[in-house]
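Quick notes on the structure that follows.
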Amino acid sequence: MRTLVFFRGLKTKIALNIAILFFVAMLLINIVAMMTAKRDIMRNEVSRGHFMVATLSADLLDILNLGARSTPQLSRAQVFGLLAEGGASGAILVGKNKERVAYGQISAALQNELLKHARGAMQSQERTTHFFGATWGVFWRHHRDLIISSPLQQNGRIAAGVSIVLPLEKIYATLRHSQKMLFVYLFLNTVILTFIGLYRLSKVYFLPLSRLARRAEDYQEDDEMLFSVRKEDNELHKLSGSLNSMLRRISADKEKLRSTVNSLEMANLELKKAQEEIIRAEKLASVGRLSAGIAHEIGNPIGIVMGYLELLKQKDTPDSEKEEYIERTEDEIERINTIIRQLLEISRPSKTGLKVVAVHDLIDDIAQVLNVQPLMSNMELECILEAQNDAVLADANQLRQVFLNLIINAADAISSAGNAANGKLVIKSDQANEKQEQSNEQKQLLKITFMDNGSGISEENIANIFDPFYTTKEPGKGTGLGLSVSFMIVQGFGGEMTVQSEKGEGTSLTIILPVTEGEPNIDQNQGLAAAPSPLSTGADERPLEQ
């Protein structure tokens, strides 16, 4: 780990960059120097070749028997020997009468090249320089041979032409040998200059930065000055001043920030309380609407019980009839008990925490409660619960309140349309799938739809039905919170609620909730009929208005 940190450190990166820059710069200097040296050596070679030709011009003419001297001073072999000592590997002499003399072991292609340039020098009457062939030089491939061509004059007129070949391999070998030494010096200079540059940077920048880092580690909240560097540290001194100014501003705003955070926390708690109160108020409003219908349902069995009690008071009533009256009385009392228990279950405050809830059981329970309501007496309530998996993670009491609000709203819409006798409300459930964005897996959803044939919602009102306190009902017949609270509750369970409606064509409200694979919680979803009786011994005898 330390090795990895070292290689990723700022010093290491800077050292590598400095070394690369120095190496590239010195390599470029080396290339320029070698090219300059090569150019100068080539110029010397050209000058030396022309000097040899000028020195031996008379002897070269004697070889072609064109010389003015009656007796040649040097033999042919001596002339070619002098050319070889001068570095020439071959030569060709050409006369005006097409006489030709070749010297050296040279290829046919090179002979043709020499002959061409010798004749060209005779025609142009100027000395020329040409290159032939290719070989490995320094850094890349270069010319292999240098061809020096020159006209030979006799008595002020061009009498012949000569081309000599100077091989360049020895020059390249000398340059390559020098290049090896230059690479050694290049490497040493790169290392030395890199260490010198890193040392200077460390002294100017890294040491002040290290002091700032140590000062930051030792910082205490009571310290007035955190960052301090010497004035000679130039830009770092400005950075220190800027950081200290920033810390002073942060310290000055610290108390204000803490106060703001505390205020936000208190506001959050108050919002949660207000939310709970709104849900509670809407729940009690729904219970209040149910109470009128339930009071009528309770009144009938109470009258029957009172009648049986009067019959039981008569002394001439046979024992067999008394037992029958007692059984019928118990049935009516159980009927009252069930109605009260259902009402208490609806008005019971929600417990904190989400549990696995069976949605179909909740809908069946609510349907049992509403079957005794005068509001639903002439309407058909149909439940088509076809979803294979109805288990969702939710609060059973809050979800029951959502379903109850939607059913009551549908019943009101049917009544307001004057279609109560033919009114119909269908509650349907089925499965839906949603493709996950990060994977190809399908997320399973539960879709619950409440469809009524009521008055419907106009196009200008449909966008506002989930707004708090928005209602189209007459004053005193609605709080405007039912759908808003329901929408908020469904969103809290990770679901969504949508609406489709046309004026006079009914309304379809859809709730989509993510399903879970867990088993439904028995206490929350075992059904209202299995709940303990508040009228029995030891039961929770909370008053109805709770």
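Of note:
- Of all residues in region 315-341, those that are among the aromatic types (Phe, Trp, Tyr) have Cβ atoms under 9 Å from Cβ atoms of residues that are at pLDDT 80 or above, 6 or more apart or on another chain, in TYR325/LEU309.
- Pairs, first at positive phi in region 501-516, second assigned to a loop (DSSP other than H, G, I, E, B) and not aliphatic (A, V, I, L, M), C-beta under 9 Å, six or more apart: GLY504/SER455; GLY504/GLY456; GLY506/ASN453; GLY506/GLY454; GLY506/SER455; GLY506/GLY456
- Of the criteria (1) modelled with pLDDT of 80 or more; (2) not in a helix (DSSP H, G or I), which one ALA68 fails: (1)
- Note on region 128-181: enclosed strands (runs of 3 or more DSSP E) holding 1 or more residues that are over 60 Å from the mean Cα position of the chain (by Cα), farther than 14 Å from HIS117 by Cα and touching a residue at least 40 places away in the same chain (Cβ under 8 Å) are 141-154, 157-167.
- So GLN105, is it modelled with pLDDT of 80 or more and assigned to a loop (DSSP other than H, G, I, E, B): yes
- Failed condition for ARG200, given (1) in contact (Cβ under 8 Å) with a residue 60 or more places away in the chain; (2) of a type outside the set (Gly, Ala, Ser); (3) out of contact with any helix residue (DSSP H, G or I) (no Cβ under 8 Å at 6 or more places or on another chain): (1)
The values are calculated or read from the model by the stated rules, or taken from the named source; none is laboratory data. Given the structure is predicted, the values throughout are model-derived calculations rather than measurements. Cβ coordinates were reconstructed from backbone atoms using ideal geometry, including for glycine residues, and neighbour counts include every protein chain displayed.
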